[in-house]
């Protein structure tokens, strides 16, 4: 038995060198956004009137006047033609965790036997792609293929190759969302409305809008393309379904922040240049913890734009990687025994103020200069925690998938219990406010009363290090937030970091849940404050409504600090003790992916989404159908691939090596006396027996795996089928892998046909 593919691709991989990447002659700031129809291009290609109306739509959420669509389309087309573009597409994000596009040429008949290049406002604003092949969870009738893509003017149009890409939402002809963008935009609107109302409680009637900011951290693996092609499991599932750990992987921590390999550096350089031309503001690149694992992070952006840029970047990464002889692995757990890949989502809120014609901004999760500012800061911290507490299971469901389930709960990533770490200073501040004895009745001089309580003294405490002991080192401000890497939802100075989303996911899923839940919490806070202040005013309390509202806000805040205390946790999120403690606190501790997804259909969840006008019950039910169906298909494909690998790769290799050992034993008997031959062949006899037992076990387990799939596939209800796949199919896969990985350590290396972990992880 001879198979040289593995050794051939290994040899070729070792010979590869970094590609020369020519740097643009301009500075990055000069070519940033070259292929994006940004404001600069809008101003150049649109009339002043049309430009003003479009900017009003983008900045202020003004209604999009269809009358300007033709003028905008004409300007876009002219810019596109000047850039050499020949096609256009509506670029949308169906429920596949990827993007979709259908390219159409600008050309049309001119009626005179020739062609003209045409692009109308109608084509810009709306199209009707075939929706029949996209997952929809039963929203679309089987005999109806219609779905509409509609232009999202808040996300800039861009060019890829010869195609003008127009970011759009994707909805059914009956109006329900078939994508991630439509609910995301609704959640951003809901949060803007709720947060603006709360801001204006604190004497900030000048707050016009609240923006949601997102900074994602994209983790990924790079594998040589040749090695990738020799692994059917990587090609078909995105992860290694079997493979024994390398003798060395990440134990020495020598990869993290280490020198970037030359081939990878060239890939990163090329990727960043192309990303910057598409206005994706790449900021940070580095080696991650695991071998051949890396990270790219951008500058913070508005949430909708950040999501679009992440989806675009993931597509761009795959294209650039192939140019450099790599394949990008975005799977959350492509290799067992080493760190998986996540996509930390750094989330924050910014208030936009307009006073005396001057526009300014302020971070809502940052302390301010006075009592009102600091009270507002604590309110937004606590109401975010209230959202995480009340919708604990939903937030976990928003990031849960068949692929991310491999990563969550291990000692490498956030555990599958959503809790929040605040840091010592903020924890002490909330404890202090909770314990303050408030007057049950409003005080006449409310503002002075609040100052007298000395609520925010802890915010002034700072510790310095560096300068005193090492004069040559500048003073360093010690930040005592974010020092617990096991926390899935940590406060990190002026934002929260949601660490649980997976590397392959559309982070819009997590953002929809988080935005909606926070909007719900802020709405509840605002209503309770308003009710309390109005009741006091009705009863003749002195001080004016503004003063009463501030005092009411403190009372409601104190209630919520007590209510959300169970979600605050600063210990080891990986410990078994925490699981029991979390259960006692009422937090969601479920780990089964199909069961976790059920949280979308909790009555509390449905009411919240409907109240915030983000999604209705029908849309939620449909999305769950899609999630369960995706889970089943993912595990189903993995099970089939693993069965094929076991029967057609592993067992034949094992039996071939076994035959060689048997010939050796027979030869020993021919050469040596029986006693000596028996003694010298003892190890080989043991190996022969072990191979026989393990191959027999693998064959039996593959049969049982196939039977388990058959039984599960007969279950009509997709929810129950997904649970059956989790409970009965997945355990067989783990058992098969165990046998295969043991055989890998027994069989002669020259016979093993699949590239091993040491090759996949350390050839760069």
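Every read-out reported here was derived from the displayed coordinates using simple, explicitly stated rules and does not represent laboratory data. From a predicted model like this one, the values you see are computed outputs, not experimental measurements. Methodologically, a virtual Cβ is constructed for each residue, glycine included, from the backbone with ideal geometry; neighbour enumeration extends over all protein chains shown.
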Estimate the FRET efficiency between residue 644 and residue 707 by the formula 1/(1 + (r/R0)^6), using the beta-carbon distance for r and 22 Å for R0, to the nearest 0.05.
-> 0.85
What ranking, highest mean first, results for peptides 387-400, 682-695 when packing means the other Cβ atoms within 10 Å averaged over each residue?
-> 387-400, 682-695
Compute the distance in nm between two label points, each set 7 Å from the Cα along the Cα-to-Cβ direction, one at residue 663 and one at residue 680.
-> 1.8 nm
Value at 222 nm in deg cm²/dmol, rounded to 500, when DSSP H runs of n ≥ 4 in the chain each add -39,500 (n - 2.57) | -15000 deg cm²/dmol
For region 566-635 and region 142-194, what is the separation of their C-alpha centers, rounded to whole Å?
-> 25 Å
Enumerate the whole-percent occupancy of each 10 Å bin, from 0 to the last occupied one, for all C-alpha pair distances of region 32-179.
-> 11, 38, 33, 16, 2
So for region 324-403, what are the equivalent ellipsoid semi-axes in whole Å, largest first, each being the square root of 5 times an eigenvalue of the Cα gyration tensor?
-> 38, 19, 11
Give, in nm to one decimal, the length gained when the segment between residue 26 and residue 697 is fully stretched (0.36 nm per residue of separation minus the Cα-Cα distance).
-> 235.3 nm
Quick one: P(r) of region 190-249 from all Cα-Cα pairs, 5 Å bins, percents rounded to integers, in order of increasing distance.
-> 4, 12, 14, 12, 7, 6, 4, 6, 6, 9, 10, 8, 2
Rg/Rh ratio calculated on Cα atoms of region 487-624 (Kirkwood radius) = 1.04
Rel. contact order, % - alpha carbon contacts under 8 angstrom, at least six apart, the chain | 16 percent
For region 689-764, just the Cα set please: Rg and Dmax, both in angstrom.
-> 16.2, 47
How far is helix 545-563 tilted, in degrees, relative to the longest principal axis of the Cα atoms in the chain, given as a value from 0 to 90 rounded to the nearest 10?
-> 30 degrees
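Once the Cβ-Cβ distance between residue 762 and residue 173 is put in as r, and R0 is 45 Å, what FRET efficiency do you end up with, to the nearest 0.05?
With a Förster radius of 45 Å, E is 0.30.
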Once both axes come from the Cα atoms, what is the angle between helix 424-435 and the longest principal axis of the chain, in degrees from 0 to 90, rounded to 10?
-> 50 degrees
Taking the chain as the reference, fit the longest principal axis to its C-alpha atoms, fit the long axis of helix 576-585 to the helix C-alpha atoms, and give the angle between the two in degrees, 0 to 90, nearest 10.
-> 40 degrees
Normalised alpha carbon radius of gyration of region 652-714 [divisor 2.2 N^0.38 Å] | 1.64
What spacing in nm lies between the two simple spin-label points modelled at residue 583 and residue 610, each 7 Å away from Cα in the Cβ direction?
-> 3.3 nm
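Relative to the present Cα-Cα distance, how much length would full extension add between residue 4 and residue 448 at 0.36 nm per residue of separation?
151.6 nm
Given the Cα-Cα distance of residue 439 and residue 14 and 0.36 nm per residue of separation, how much length would full extension add, in nm?
Gain on stretching residue 439 to residue 14: 145.6 nm.
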Taking a quarter of the surface of the convex hull around the Cα atoms of region 628-762, what do you get in nm²?
-> 9.7 nm²
